[in-house]
Amino acid sequence: MTPKARTIYRCTSCGADHPRWAGRCDVCGEWNTLVEEPVARTPSPGGGKGAARRLAGARSLGEGGQVATPLKLGSVVGAAEPRWKTGLAEFDFVLGGGIVPGSMVLVGGEPGIGKSTILLQVAAKLQSAGHRTLYVSGEESPLQVKLRAERLEDDAGDVLILGETLLETMIAKLEPAVLIVDSIQTVFTGDLESAPGSVGQVRECAARLMRFAKETGTTVFVVGHVTREGGIAGPKTLEHIVDTVLYFEGEGTLDHRILRAIKNRFGSIDEIGVFRMTANGLDPVQNPSELFLGDRLNHASGSAVTALLEGTRPVLIEIQGLAAKSGFGIPQRVSTGYDSRRLALLLAVLDKRAGLSFSQLDVFLNVVGGVRLQEPAGDLAVATALASSVYDRAIAPSSVFLGEVGLGGEIRPVSQSERRLGEAAKMGMTTAYMSERGIPSRLPKGIRPTGVRTIGDLFSKLFS
Ligand code: TYD
Ligand code: MG
């Protein structure tokens, strides 16, 4: 009799299990879909596909012989624990008002963006607030982490550090209130044969850390690297396991970073926090609009400002357009921070509805500050920046543009215009061009909305 294998390889496409790894699932025929996982200890009645899922579920509930008894919701006891504030303002804000004890938070982002830095700062803050914090680094030696800590403003001297990659060791250690794992790609469990960083390892380790968080009430932060392409064994495979997913974004050449919540069981998503990378770590930026509008040239053509709504917080952003005579061949369309198909669409609308032809012009569009403009509410500013470049006429720097542009050239109202106008007014804007129908009844002080129906209507107001 051969000894029973401890792990199996399951096809992520059809759920079939295989005793050993293969490049192709011989049940469904898909390539590269086999992922290692521990063998279910009790055979499940359904067998096959559901078994692994049930195994994962069972593990997180009551393994170890306990039988779970259902309760009436009304008789569930216990008070919601207050959140822990790190004191790193933007970090707390993105989490929805601080850390929820016993939750698991994934911090994803490209290598070098600042994930280790921010978590070390968080560790220092939590430790000095009296929460026992353990920083487990599989990427850097304790000395390297110490050298980094010395650059930071907060004193991280009391944070516990452990250079370890074996999961079993790190969760057996010391019972911290906060566990930081940097990074999930370096962690492995002895129960699987595959290498650290493989999908099987990453998933299994994350699931166990999650269970550890729930069972012990430990708050767990894990770092996950993503590559430019989105990463195979990266944060994407973990998003459904953890409570909260934060992504750290930024342009390599710029010193500000955006922390974005893309999943949050304990707060709203799409909230952003803005930081600046300094010589002493990451500094929360109190007023992002100020940062993004800071370097604006006031009287150059091809620039228009809009107010984006990121989560619940409006942020003013500058859009730059440049239309320049093209050389030979097909004119170029280059867009940074804005969907290039949306740009093509707007160019066609500008041509057809406002008589602006771009067929002989190269078009460059840039959303300033490395921000990604995804809301249609920014259309009007994009169209205006482009028209301003074509006419070579600058827009008054105290104007803001809010509106979605339709295929007919019509300008549509945007959501929550009152809050956007509020932010614009706060930043000293005095005129807002927007859809007539979208003008809120309560207007913030200092800003005067101008209703426009179509882009033709707007351009005749601006450029004639
Ligand atoms: P790091 O946190 O190591 O990135 P990640 O963990 O996401 O890979 O950040 C690395 C970059 O940050 C590196 O280029 C150095 C820079 N940095 C500063 O500019 N100031 C600082 O105080 C620190 C600690 C790092
Ligand atoms: Mg790091």
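Rule-based calculations on the coordinates, nothing more; no lab input. Because the structure is a prediction, the values reported are computed rather than measured. Positions of Cβ are backbone-derived with ideal geometry, glycine not excepted, and every protein chain shown enters the neighbour counts.
Below, the figures for the structure above:
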quantity	calculated
Label-point gap, in nm, between Lys461 and Asp339 - each point 7 angstrom along Cα→Cβ	2.6
Rounded tilt (10° steps) of 379-391 against the dominant C-alpha axis of the chain	40
Fully extended contour minus Cα-Cα distance, from Arg442 to Asp155, at 0.36 nm per residue	98.6 nm
Fraction in percent of alpha-carbon pairs per bin - 20 Å, the chain	21, 43, 31, 5, 0
No Cys partner within the rule (Cβ under 4.7 Å), the chain	Cys205
For the chain, calculated [θ]222 nm from helices alone, where every DSSP H run of n ≥ 4 adds -39500 (n - 2.57)	-8000 deg cm²/dmol
Folded to 0 to 90 degrees: helix 48-62 orientation relative to the chain principal axis, Cα	80
Cβ-based exposure ranking for Tyr135, Tyr391, in which fewest neighbours within 10 Å come first	Tyr391, Tyr135
Acute angle (nearest 10 degrees) that the helix 142-151 long axis makes with the longest principal axis of the chain, alpha-carbon atoms	30
The chain: relative contact order in percent, alpha carbon pairs under 8 Å with at least 6 residues between	11
Anchor Lys325: aspartates and glutamates whose Cα lies under 12 Å away (excluding residues fewer than 8 positions away in-chain)	Asp362
Between the range 104-183 and the range 68-95, the Cα center-to-center distance that results, in Å	23
Length-normalised contact order of the range 282-384 in % [C-alpha pairs under 8 Å, at least 6 apart]	32
Two-site label geometry, Lys236 and Ser326: point separation in nm, points 7 Å out along Cα→Cβ	3.1
The range 312-464 - Debye-derived log10 I(q)/I(0), Cα point model, q = 0.14, 0.17, 0.19, 0.20 Å⁻¹	-0.64, -0.95, -1.18, -1.31
Residue pairs, from the table Lys352/Lys445; Lys115/Lys426; Lys426/Lys461; Lys85/Lys445; Lys352/Lys461; Lys115/Lys214, whose Cα atoms sit over 29 Å apart	Lys352/Lys445; Lys115/Lys426; Lys85/Lys445
